[in-house]
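First up is the structure itself, then whatever we jot down about it.
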Amino acid sequence: RVNVPLERADIEFFDTDGNKIGSDTQQFGGKNGDLEITWTPTEELGGISIVAYDEHGFWASVLLEPWWIEIEHEEIIFDFGKATWQESEEPKLKKSLKEIESAMKKYARHRPDMRLYVAGYTDTVGSNSQNQELSNARARAIAKWFRKNGVDIPVYAQGFGEEGLAVQTPDETAEERNRRAIYVLGNAPPPKSKEMPRGSWKSVK
């Protein structure tokens, strides 16, 4: 969307490692308002740089670089019906912390906007509202642990309760695989999906 007549836009495409994989120029001939830029991807895109020029040669640029990576981890076993865990679960969190720190170093070029997102889930035992509240509390508990133990980027949490089940079960089914969390590093909130149907992330201090 532009508010001055646009002459052209120069576009560059990058792969997920930041390497340039192509470029294009699209002419607009003085149009303004809502304009569409299209491209034909030849491989997975990691970023798009757009430099737009008006009729007088003035320009503005934007880098579109959505990026997310899920951190593999071992699930924390919480105390029944609570957002707490036994001391024996701490090694799992410490191992996850090392994985997060390693990923932060590997993708350091995203550091200025890098954030950690913790999503929590429950099985179908209990009411929807109870499970929503419990998943919120558990996601925040994990997120606070990471903040307390050295994660120095913004951390966000959100619970999804019974939504986004890993294994579909009837109501009131105790299924361990559905009592889980997802850790995502990204430079923007994870896109909405079957697992994350809402985007109500809350900052954790």
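The values are calculated or read from the model by the stated rules, or taken from the named source; none is laboratory data. Keep in mind it's a predicted model, so treat the numbers as computed, not measured. Cβ: placed from backbone, ideal geometry, glycine included. Neighbour counts: every protein chain shown. With ligands, DNA and RNA removed, areas are computed over all heavy atoms of the protein, side chains included. Shrake-Rupley method; radii C 1.70, N 1.55, O 1.52, S 1.80 Å.
Working note: 222 nm ellipticity from helices only, DSSP H runs with n ≥ 4, each -39,500 (n - 2.57), summed and divided by the residues of the chain, gives -6500 deg cm²/dmol to the nearest 500.
Distance from the C-alpha centroid of segment 132-205 to that of segment 1-40: 36 Å, rounded to the whole angstrom.
Calculate the all-directions average of the projected area of the chain's alpha-carbon convex hull, and give it in nm². Over all viewing directions, the chain projects a mean Cα-hull area of 14.1 nm². Placing dummy labels 7 Å off each Cα toward the beta-carbon, the span from Glu195 to Glu55 is 5.0 nm. One decimal place: the segment Thr42-Asp24 gains 5.2 nm when fully extended, by the rule 0.36 nm per residue minus the C-alpha distance.
Taken over segment 110-205, the convex hull of the Cα atoms encloses 89 Å³ per residue. Full extension of the chain between Ser127 and Glu70 gives 17.7 nm of extra length, using 0.36 nm per residue less the Cα-Cα distance. The listed peptides 35-47, 123-135, ordered by packing as a protection proxy, come out as 123-135, 35-47 (highest mean of other Cβ atoms within 10 Å first). Expressed as an acute angle from 0 to 90° and rounded to the nearest 10, what is the orientation of the C-alpha long axis of helix 128-148 relative to the principal long axis of the chain? Orientation of helix 128-148: about 70 degrees from the principal axis. Normalised by 2.2 N^0.38 Å, where N is the number of residues, the alpha-carbon radius of gyration of segment 149-205 equals 1.31. For the pair Ser203 and Asp15 in one chain, pulling the backbone fully straight at 0.36 nm per residue adds 64.7 nm over the alpha carbon distance. FRET efficiency for the pair Thr169 and Lys144, taken as 1/(1 + (r/R0)^6) with r the Cβ-Cβ distance and R0 = 25 Å, rounds to 0.30. Packing-based ranking of 163-169, 176-182, 195-201 yields 176-182, 163-169, 195-201, ordered from highest to lowest mean Cβ neighbour count within 10 Å.
Computed from label points 7 Å out along Cα-Cβ, the spacing between Lys94 and Lys82 is 2.2 nm.
Taking every C-alpha pair closer than 8 Å and separated by at least 6 residues, the mean separation divided by the residue count of segment 6-94 gives a relative contact order of 25 percent. Taking a straight Cα-Cα cut-off under 28 Å and skipping sequence neighbours fewer than 8 places away in the same chain, the lysines within cross-link reach of Lys95 are Lys82, Lys105, Lys106, Lys144, Lys148, Lys192, Lys194, Lys202, Lys205. In terms of its C-alpha gyration tensor, segment 1-101 comes out prolate, because a/c is 1.5 or above and the ratio a/b outweighs b/c. Across the accessible surface of the chain, with the other protein chains kept in place and a 1.4 Å probe, carbon and sulfur atoms take up 49 percent. Put one equal scatterer on each alpha carbon of segment 52-159, apply the Debye formula with no solvent term, and list log10 I(q)/I(0) at q = 0.16, 0.17, 0.22, 0.24 1/Å to two decimals. So the normalised log intensities work out to -0.78, -0.85, -1.23, -1.36. Take the chain with all the other protein chains still there, run a 1.4 Å probe, and you get 60 Å² of accessible area per residue.
Only Cα pairs under 8 Å and 6+ residues apart enter the sum, and on that basis the relative contact order of the chain stands at 19 percent.
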